[in-house]
C-alpha cells in the first residue's frame, strides 16, 4: 500500500513540475529564410508586440533574441514557451557579400565577424532547446549544406522538430520539394509576412511542443 501511495505522490509531483516547465522553442534556419518575420508574427498575434528588426540584408539577426512567456491557444489546447530567435546559420560568411548589399568595407567586416559569432552561439544554444522550428525559404533548393548541418545537429540531439516552408506566397515556392527533403518531419507551408496558413502552423506546433 505504501508503495502505491509513493508512486502516486511521485507521479503527482512529476506532472506538477512538468506543467510548470518553461519550454524553450527555438527558431532555426539559414539567413533570410524568415525566422524573425515568423517570430514577429507569433509575438504580434499573441503578445501584441514585435520581436526584432527584419532586413533584406542577410544576418540582420546576429544575437540570440528571447521573448519570454508566449502563450498560444488552439481550441481547448494551450502551450506556453520562451521563444528564441537565433541568427541565421551559414557554413561560410564572407564580408564581401555584405559589401554587395551596400555596406562599406569596415562595416562589412564588422557585420561578418558578428554574424560568425552568431552562428556559433546558435549551435551552442541547441543544447538549451526543448523543441525547434526550422524555417526554410520554400523558393530555394532545400538540399543545401546549411540545411543538412542544421538537421544533423537536431537529429544528433533528438530534439523535436517542425519544419516551416516559408514564403509560399511567392511563385517560385515549392512546398513538395521541402516535404521530400525532410520526410522524417512534419512540414507546414506558410507566408510569415502575409500570415497565410498561420493557423495551420499553430496547430502543427502543438504536435511538436504539447
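The values are calculated or read from the model by the stated rules, or taken from the named source; none is laboratory data. Computed from a prediction, not measured in an experiment: that's the story for all the values here. Note that we place each Cβ from the backbone using ideal geometry, even for glycine, and neighbour counts take in every protein chain shown.
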For this session: Would you mind finding the one in 177, 158 that is more than 23 Å from residue 40 (Cα to Cα), free of Cβ contacts under 8 Å to residues at least 24 places away in the same chain and surrounded by fewer than 20 Cβ atoms within 10 Å (Cβ to Cβ)?
Result: 158
Exercise. Which one is modelled with the highest pLDDT, of the residues in segment 26-42 that are closer than 17 Å to residue 187 by Cβ and part of a helix (DSSP H, G or I)?
Worked result: 38
For this session: Name the one entry in 147, 153 that is buried (at least 19 other Cβ atoms within 10 Å of the Cβ), at pLDDT 70 or above and closer than 23 Å to residue 39 by Cα.
Result: 147
Exercise. When the residues of segment 117-139 are filtered to those that are free of Cβ contacts under 8 Å to residues at least 40 places away in the same chain and under 19 Å from residue 34 (Cα atoms), which remaining residue is surrounded by the most Cβ atoms within 10 Å (Cβ to Cβ)?
Worked result: 119
Problem set entry | Residue that is nearest to residue 71 (Cα to Cα), among those in segment 25-50 that are surrounded by 24 or more Cβ atoms within 10 Å (Cβ to Cβ) and free of Cβ contacts under 8 Å to residues at least 60 places away in the same chain | 42
Exercise. Which is out of contact with any helix residue (DSSP H, G or I) (no Cβ under 7 Å at 6 or more places or on another chain), within 21 Å of residue 191 (Cα to Cα) and at pLDDT 75 or above, of 73, 106, 124?
Worked result: 73
